[in-house]
Amino acid sequence: MRTALIATVILLGPLATACGNDTVRAEDPAGSPTASASIAAGSLTATPVGLAAAVIGHLDGWEVVEASGGLTDMEDTRELSVDLRLGNADGRHNRLSIQAPDPTYLSGDREVEPCVEEGRMAEGEGASECRTLPDGTTVQLVSMPYGFSDDNADGSAAAVMLSGPDRELTLMWETYDADATLPDTVLMEIATDPLVGWTTSAAHNAEGERIQGFRADDRVDRDGEDGYDDSSPDVQPAP
């Protein structure tokens, strides 16, 4: 399980590259709308700030000190991503990153892997958990009492991977502070929230617009007149 988790981290790439140095303030994040409140009927494509707001709504008691994210739309990838730094003055030691692919894009390449075993179990010094949701979506969590980073021997880390017929999500959490961690229950709550992902509510998108200091970074490759071509990807910073 840990080997698969480390491979996932490598595929995601360095988590630090997306964050800027701007101060972020989410106005009253504890009062943000959540999926469980069913504020808006239906769903629509999330904006990066809307995805951030949907996640922040689950982070009661945490200060968001930096936030960034954007849309990646390349030849083989279309996803939203958000990187949140929580709780420290510099934010580096508490990091929550979310990748939410468009589930309708290259759907033939997708595969939902069923749980080998349902429920929670010990995995060495850490733990793993796998659930199958009513629609067949699989949610897998791995948590450990040490970090992903080589210099993080005293902290902790976790990853949640969700894969289903209509939704995908990868969530990564790392802290260097053993006393400041997000419980696995909160990470699973975020991952299983149907409005945390490629689609969300209009209320979340509107709430995201209130986040001050959010750094947007879109990566879009659309050179081809009829779609994508084989040229080097364009980098298009968001306004």
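Tabulated results
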quantity: Residue in segment 10-17 that is at pLDDT below 90 and buried (at least 16 other Cβ atoms within 10 Å of the Cβ) present; calculated: yes
quantity: Some residue of segment 78-90 being closer than 19 Å to VAL186 by Cα, out of contact with any Gly (no Cβ under 9 Å at 6 or more places or on another chain) and surrounded by 20 or more Cβ atoms within 10 Å (Cβ to Cβ); calculated: yes
quantity: Qualifying residue in segment 178-195 (condition: closer than 17 Å to ALA67 by Cβ and at pLDDT below 95); calculated: yes
quantity: Candidate set: segment 53-91, residues that are touching a Phe, Trp or Tyr at 6+ places or on another chain (Cβ under 8 Å) and among the charged types (D, E, K, R); chosen: the one nearest to GLN212 (Cα to Cα); calculated: GLU79
quantity: Selection count where residues are of a type in the set (D, E, K, R) and either in a loop (DSSP other than H, G, I, E, B) or free of Cβ contacts under 8 Å to residues at least 12 places away in the same chain (or both), scope segment 43-85; calculated: 4
quantity: Strands (runs of 3 or more DSSP E) enclosed by segment 96-215 - at least 1 residues per element that are without any contact (Cβ under 8 Å) to a residue 60 or more places away in the chain and either within 20 Å of the chain's Cα centre (by Cα) or under 19 Å from VAL49 (Cα atoms) (or both); calculated: 126-132, 138-144, 156-163
quantity: Candidate set: segment 70-127, residues that are farther than 29 Å from SER156 by Cβ and of a type in the set (Gly, Ala, Ser); chosen: the one modelled with the highest pLDDT; calculated: SER107
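The values are calculated or read from the model by the stated rules, or taken from the named source; none is laboratory data. Predicted model, so just to flag it, every value in this text is computed and none were measured. So basically every Cβ, Gly included, is an ideal-geometry build from the backbone, and we count neighbours across all protein chains shown.
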